[in-house]
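Take a look at the structure set out below.
The values are calculated or read from the model by the stated rules, or taken from the named source; none is laboratory data. Not measured: the values here are computed from a predicted model. Ligands, DNA and RNA are stripped out before the accessible areas are found, and what is left, the full protein with its side chains, is counted by its heavy atoms. Shrake-Rupley method; radii C 1.70, N 1.55, O 1.52, S 1.80 Å.
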Amino acid sequence: MRSFGASPTLDEIEDIARAAMRALPSPFADSLGAVVLQVEEFADDATLRSLGIEDPFELSGLYEGIPLPQQSVEQSGTLPERIRLFRGAILDEWASRDVSLEQLVGHIVVHEVGHHFGLSDEDIHALEASVP
């Protein structure tokens, strides 16, 4: 287990996540301008229920939206694509792993960005490996 000072705030995790998004290679970083990034303490009950998750500590990030390959000009009135990060779950995972907070948040961000682009798990791992 880690021992450290004050827990990072929602804003600090958002700053780390935005830096991770900027560090993505082109065309990924260039194509995220319309994606909303939101950092919350935990996922709300409705979100957890919709995913079949009982423990809010089990969900550290979520992509909500229509993946780019499935988007169409015929779609209108939909909410913007959104990446949600959940601070409580992230900090819980960070405390039990031997990685920096930046590495963990970067990993989660890449995974959710991969969903936005409709990437396979293999492609998501390749994208993560390409990030410095």
*Leaving ligands, DNA and RNA out of it, rank Glu58, Glu12, Glu64, Glu81 by accessible area with a 1.4 Å probe, largest first.*
Glu58, Glu12, Glu64, Glu81
*asked:* Over all directions, the average projected area of the alpha-carbon convex hull for region 1-66 comes to how many nm²?
replied: 6.4
*asked:* If I stretch the segment between Asp44 and Arg22 completely, what's the gain in nm (0.36 nm per residue apart, minus their alpha carbon distance), one decimal?
replied: 5.2 nm
*asked:* Solvent-accessible area of Arg84, probe 1.4 Å, all protein chains present, reported in Å² to the nearest ten, please.
replied: 10
*Whole-Hz Karplus ³J(HN,Hα) for region 97-113, in order, using 6.51 cos²θ - 1.76 cosθ + 1.60 and θ = phi - 60°, x for Gly and Pro?*
10, 9, 9, 6, 4, 4, 5, 5, 4, x, 4, 5, 4, 4, 4, 6, 4
*asked:* I'd like the accessible area for Thr47, computed on protein heavy atoms only with a 1.4 Å probe and all protein chains in place. Round to 10 Å², please.
replied: 10
